[in-house]
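Comments concern the structure below.
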Amino acid sequence: MSSYPQDTIVAIATPPGSGAVGIVRLSGPQAIPLADQHVRLKRSLTDTKSNRVRFGRLLLSGEADEVLVFVSRRPNSYTGEDTAEIQCHGSPALLSRLTKALERAGARAAEPGEFTRRAFLNGRVDLTQAEAVVDLVSASTDVSLDAAYFQLRGGLKTRFVALNEELRQTRTLLEASLDFAEDAQIDTERVTERLHTTRQILRGLLTSYEDGKLIRSGARVALVGRPNVGKSSLMNALLGQDRAIVTEIAGTTRDSIEESIEIGGIQVVLTDTAGLRETGDPVEQEGTRRTKLVARDADLILFVVDGSEVASDDALEPLDTSRLRVVNKSDLGVHESWSSVEGFKTSARTGAGLDQLRAAISKKLTAESQPDIESITNERHAVCLERATDALGRAIGLVREGSPGEVISFEVEEAMRALGEIVGDTTPQEILNAIFSQFCIGK
C-alpha cells in the first residue's frame, strides 16, 4: 500500500450509477480539512466534534447542492483515522466532480478495500472481521447475512484467539522441560490430552466448512434430462417467474439459462440445460456438450423425467448422492411404471410437489443438517485450519514417540502460526493484498 499512513485517501462509497443519495468518503490526516474546503457551513468542520453530522452546501464551480457531512475522528472511526463523508445527490457526474476536486486538493484515490485495510492495520478489526465486510456487502440470504454479522462481531476472532492461547500454554509446558532439563520431564499425558482436545475442536471447525461454504458461495443446481420433459417449466415454477422459454416443441432450450433463488437459506443458482438426445443438428450437439459441462460442475443435479410416459431404461438408472430424480408432469397422470421408482412427483403447471422438492434440495445440499452461521465459510480459513490440524497430528505422534520437547514445540508453533494467519497476526503480505483486492473501491 503506497504512502500509508501519511496520505489522505478519497473514493465514492456508494454503488455505481444514479441514485437518490451519493457518498464521497475521505480518510487520513487531512480528511476533515479537505472536506471543509469544499462545503459551506455555518461553522468549520475542524470545530465539529466526532460522530456529528453537519448541513451545508457544496462549493464546486458555483454548485449549490445541499449536503450532509459526517465527521468521525481517530482513533474511534471506521478506519482508525480522521474521516469525513460528504453526502449529496447521487448523480455520477456530481460525485465524480467532487472526487476529482478533492484529489486536486491533495487527496489520493483509494485503492480497492483500502478503507477497511486501514481499519485492519490500525487494529480496529482483525482479518476475519475485515473479510466479513465483503461477505456482508454481498450477502443475498438471511443465513449468509447472519453469518457475516457473526464474523463481523468477532465471533471467529474470539474462537481462534482462545485456541491459540490454549496452544501457547501447551507450548509453555514443553518449553519448561527444556529450561529445566535435569529436573523436569515432559508431562506426556497432559500434553497429549491438550493437543488432542484442541485438534478435535479444529477438526470440527474444518468439517463445518462443507456446509459453511454454501452459506457464503451458494450452490449450483442443474436441471438435466431429455427434451420436452418439462425442465424449463419446472425452473420457471421454482423461480415463480417465466425465465425460460417454454413451448410444446422438443428441443426449445438450446443453451444453458441461469437464475438465482433462495432455497432453505442457501443461495442457489438454477441452470436449465438443453435436452439430452442423439441428434445430427450441430446446434443441439453443442447444447448437449454444454449440458454435460454444467452437470459436471453442479453441486446437485435434478434429473427430470416425464412421469406421464412409460419409464425408459435410462430414466430408471440408480441415482448417486449428487442427483435427485424429479418425475414431472404429474398433472397429466403418472404412468404405473413410475409407481415403485424413487423420485419426487411434481407438476410444474399446478405446483404440486414443489415444496417437497425444495425441501429435498435443501436437505441434499446441506447433508441433512441446517446451515449454521457459526460454520467456517471462508476457504482461506479452511486451508489454515487444515494446516493447524495436520501440525497438531504430527505433534501428538512425536509425543507418543518420546521425541525431544523442542521438536514437538516446533509443530505446536506451526499450528499457532496457521491460526494466527486466519486473524491476521502472521499473515503474509501477498495474502493480505489478495484479500483486500476483492473489495470494492470505497470500502
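The values are calculated or read from the model by the stated rules, or taken from the named source; none is laboratory data. If you're wondering where the values come from, they're calculated on a predicted model, not measured in any experiment. Every residue, glycine as well, gets a Cβ built from its backbone with ideal geometry; the counts of neighbours run over all protein chains shown. Accessible surface areas use protein heavy atoms only, side chains included; no ligands, DNA or RNA. Shrake-Rupley method; radii C 1.70, N 1.55, O 1.52, S 1.80 Å.
The set of residues from the range 53-96 being more than 20 Å from Ala119 (Cα to Cα), without any contact (Cβ under 8 Å) to a residue 60 or more places away in the chain and not in a loop (DSSP other than H, G, I, E, B) comprises Val53, Arg54, Phe55, Gly56, Arg57, Leu58, Glu66, Val67, Leu68, Val69, Ala93.
For first residues located in the range 102-119 and under 16 Å from Ile431 (Cα atoms), partners that are in a strand (DSSP E or B) and not β-branched (Val, Ile, Thr) and lie 6+ apart or on another chain with Cβ distances below 8 Å form the pairs Glu114/Ala11; Arg118/Ser27. Identify all residues within the range 334-355 that are among the polar types (S, T, N, Q) and either assigned to a helix (DSSP H, G or I) or under 17 Å from Ser232 (Cα atoms) (or both); write none if there are none. Matches in the range 334-355: Ser337, Thr346, Ser347, Thr350. With respect to Gly106, determine if the residue is within 17 Å of Ala11 (Cα to Cα) and under 16 Å from the mean Cα position of the chain (by Cα). No. Of the residues making up the range 111-119, one or more are among the basic types (Lys, Arg), at pLDDT below 95 and closer than 21 Å to Leu432 by Cα.
In summary, Pro318 fulfils each of the numbered conditions (1) over 16 Å from Leu276 (Cβ atoms); (2) at pLDDT 85 or above with the single exception of condition (2).
When the residues of the range 300-333 are filtered to those that are basic (Lys, Arg) and outside any loop (DSSP other than H, G, I, E, B), the one that is surrounded by the fewest Cβ atoms within 10 Å (Cβ to Cβ) is Arg323. If only residues of the range 400-411 that are of a type in the set (Asp, Glu) and in a helix (DSSP H, G or I) are counted, the one that is least open to solvent (accessible area, probe 1.4 Å) is Glu411.
Among residues of the range 331-342 that are in contact (Cβ under 8 Å) with a residue 24 or more places away in the chain, those with a Cβ under 6 angstrom from a residue that is loosely packed, with under 14 Cβ neighbours inside 10 Å and of a type in the set (A, V, I, L, M), sequence gap 6+ or separate chain, pair up as His335/Val310; Ser337/Val310. Looking across the range 412-423 at every residue that is surrounded by fewer than 21 Cβ atoms within 10 Å (Cβ to Cβ) and in contact (Cβ under 8 Å) with a residue 12 or more places away in the chain, the one that is nearest to Arg25 (Cα to Cα) is identified as Gly420. Candidates are the residues of the range 132-159 that are surrounded by fewer than 22 Cβ atoms within 10 Å (Cβ to Cβ) and hydroxyl-bearing (Ser, Thr, Tyr); the one that is modelled with the lowest pLDDT is Ser140. Screening Gln129 with (1) buried (at least 19 other Cβ atoms within 10 Å of the Cβ); (2) of a type in the set (S, T, N, Q); (3) not in a helix (DSSP H, G or I) gives one miss only, at (3). Among the residues of the range 68-98, those that are crowded, with 22+ Cβ neighbours inside 10 Å and more than 22 Å from Pro29 (Cβ to Cβ) comprise Cys88, Leu95. Annotation: Arg358 fulfils all but one of (1) assigned to a helix (DSSP H, G or I); (2) free of Cβ contacts under 8 Å to residues at least 60 places away in the same chain; (3) open to solvent by 60 Å² or more (accessible area, probe 1.4 Å); the unmet one is (2).
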